[in-house]
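The values are calculated or read from the model by the stated rules, or taken from the named source; none is laboratory data. It should be emphasised that the depicted structure is a prediction, and the values quoted were computed from it without experimental measurement. Backbone-built Cβ (ideal geometry, glycine too); neighbour counts: all protein chains shown.
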Amino acid sequence: MDNKDSSMNEGAASAFQYLIAEGPIELSAVLNNLLEKAQQDSSFAMADHYVLYQLGSQQSLIKVDLSQRPLQFWYYDLLGRPATAAVKKTIAQFLWDKCGEAELYLQESV
């Protein structure tokens, strides 16, 4: 996994930073890392966070808003395709396990 900040355009390096995740396992690890940092640093939580998700020939940009609950995600496939089942499942599992969705479900089902 490459957790270094990268730039989509060398001339805009300070304007647009992203983390790279290759496949669902790395996407999950990147999301966990972002959440942990946001819980420790409120200014980090308020910043824009982007993940370049890659799997085979697929490249997608995922924006993560950590500033509020529930967390918000935006998905932009670089070829205009919809989010894959693997991406949806990874984000749903992250929300379920780490962001209180399991507890919320249990409270609502009682």
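Restricting Gly23, Gly56 to residues that are modelled with pLDDT of 90 or more, at positive phi and not acidic (Asp, Glu) narrows the list to Gly23.
When Tyr75 is tested against (1) in a loop (DSSP other than H, G, I, E, B); (2) crowded, with 16+ Cβ neighbours inside 10 Å, just one condition goes unmet, and that condition is (1). Report whether or not Leu95 is surrounded by 15 or more Cβ atoms within 10 Å (Cβ to Cβ), in contact with a strand residue (DSSP E or B) (Cβ under 8 Å, 6 or more places away or on another chain) and either part of a helix (DSSP H, G or I) or at positive phi (or both). For Leu95, the condition - surrounded by 15 or more Cβ atoms within 10 Å (Cβ to Cβ), in contact with a strand residue (DSSP E or B) (Cβ under 8 Å, 6 or more places away or on another chain) and either part of a helix (DSSP H, G or I) or at positive phi (or both) - is not met. Listed by first and then second residue, the pairs linking a residue in region 33-46 that is farther than 19 Å from Ala21 by Cα to a residue that is acidic (Asp, Glu), with Cβ atoms under 8 Å apart and 6 or more places separating them unless they lie on different chains, form an empty list.
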